[in-house]
Amino acid sequence: MKLLKFTLAIGAVLFLSVDKISADTPGGTNGNLSNGPVFIPKTDPKGTRPKAPSAQVVEATYEDGYLYLNFKYSEGPAVLYVYDSEQTTLLSQHMLSTESETAIYIGNISDAYLLIETSNGHEYEGWIY
């Protein structure tokens with residue numbers, strides 16, 4: 001019984017925590033996603049203790065004005081915010097589902113900051129340069 005509770009607790013921690021988002025970057029004509037194939041989770045500025053690694057993987061590709069997103073595990077409805085590179089001007093925002101792969105037309109942009117907020121309370125960030 002104790003082993004079952006321990007296993008469930010570890011599973012819950014792994015499911016609810018956020019570590020990395022990976023992105024497949026083909027290097028299309030409209031820009032590249034930053035940091036090669038890696039997106040990072042939005043960090044907490046308070047300096048709270050780090051969370052356990054997550055099993056969540058979000059694949060992203062930007063090509064010909066479309067951002068393709070695919071969540072390994074569904075996190076419900078989400079909102080994508082597209083900002084300028086200084087993160088001062090909101091260029092657009094888009095509702096999306098994390099149930100399956102999603103193609104979102106964000107236009108031909110460069111030097112942009114991307115923020116995804118899921119209904120589970122997780123935030124993912126990345127850049128197009």
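The values are calculated or read from the model by the stated rules, or taken from the named source; none is laboratory data. Worth saying up front: this structure is predicted, and the values here are computed from it rather than measured. Virtual Cβ from ideal backbone geometry, glycine too; neighbours counted across all protein chains shown. The area values use the complete protein model at the heavy-atom level, side chains included, leaving out ligands, DNA and RNA. Shrake-Rupley method; radii C 1.70, N 1.55, O 1.52, S 1.80 Å.
With the requirement that a residue be at positive phi and in contact (Cβ under 8 Å) with a residue 40 or more places away in the chain, what does the range 76-104 give you?
Selection gives Gly76 alone.
Which condition breaks for Glu75 when tested against (1) open to solvent by 60 Å² or more (accessible area, probe 1.4 Å); (2) at pLDDT 90 or above; (3) among the charged types (D, E, K, R); (4) in a loop (DSSP other than H, G, I, E, B)?
(1) is the only condition that Glu75 fails.
May I ask you to list the residues in the range 107-129 that are over 14 Å from the mean Cα position of the chain (by Cα) and either at pLDDT 95 or above or of a type in the set (Phe, Trp, Tyr) (or both)?
Correct list: Tyr129 only.
Only one of (1) open to solvent by 80 Å² or more (accessible area, probe 1.4 Å); (2) modelled with pLDDT under 60; (3) acidic (Asp, Glu) is not met by Asp19, so which one is it?
Condition not satisfied by Asp19: (1).
Name the pairs whose Cβ atoms lie under 7 Å apart, with the first residue in the range 64-75 and at positive phi, the second part of a strand (DSSP E or B) and of a type outside the set (Val, Ile, Thr), and 6 or more positions between them or separate chains?
Gly65/Tyr105
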